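The values are calculated or read from the model by the stated rules, or taken from the named source; none is laboratory data. These numbers were taken from a predicted model, which means no experiment stands behind them. Cβ coordinates were reconstructed from backbone atoms using ideal geometry, including for glycine residues, and neighbour counts include every protein chain displayed.
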Amino acid sequence: MSGSMKFITIPYGDDVLASAGLSASELAAMARMAVAAKLFGEGRLSLGQSAKLCGLGKVEFMEQLGREGYSVVNLQADDADDELRFVHG
């Protein structure tokens with residue numbers, strides 16, 4: 001990994017955990033997944049980078065995206081046209 005590790009701090013109280021029915025580690029995992037999914041969906045990070053950001057393998061990240069209703073395919077219009085031309089010869 002290049003560069004130094006950076007951290008994001010999100011302040012919250014015990015009431016948030018109690019209301020959400022989550023442990024602190026579950027909330028942290030959800031936050032990492034949400035950020036990774038958002039950055040992947042916007043095309044800012046690759047699938048591999050996004051998976052790594054939330055501490056998952058690529059396949060596990062793709063499965064989690066699907067379970068949470070995110071699109072697993074991240075093609076721009078030009079990329080989709082290229083893929084279609086490739087498939088159709």
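Six or more apart or on different chains, Cβ under 7 Å: which pairs go from a residue in the range 1-29 that's modelled with pLDDT of 95 or more to one that's in a loop (DSSP other than H, G, I, E, B)? Could you list them? From the range 1-29, the pairs are Leu17/Ser23.
Taken together, Gly48, Gly55 contain a single residue that is modelled with pLDDT of 65 or more, part of a helix (DSSP H, G or I) and surrounded by 11 or more Cβ atoms within 10 Å (Cβ to Cβ), which is Gly48.
Residues in the range 58-89 that are in a helix (DSSP H, G or I) and at pLDDT below 60: Ala77, Asp78, Asp79, Ala80, Asp81, Asp82, Glu83, Leu84, Phe86.
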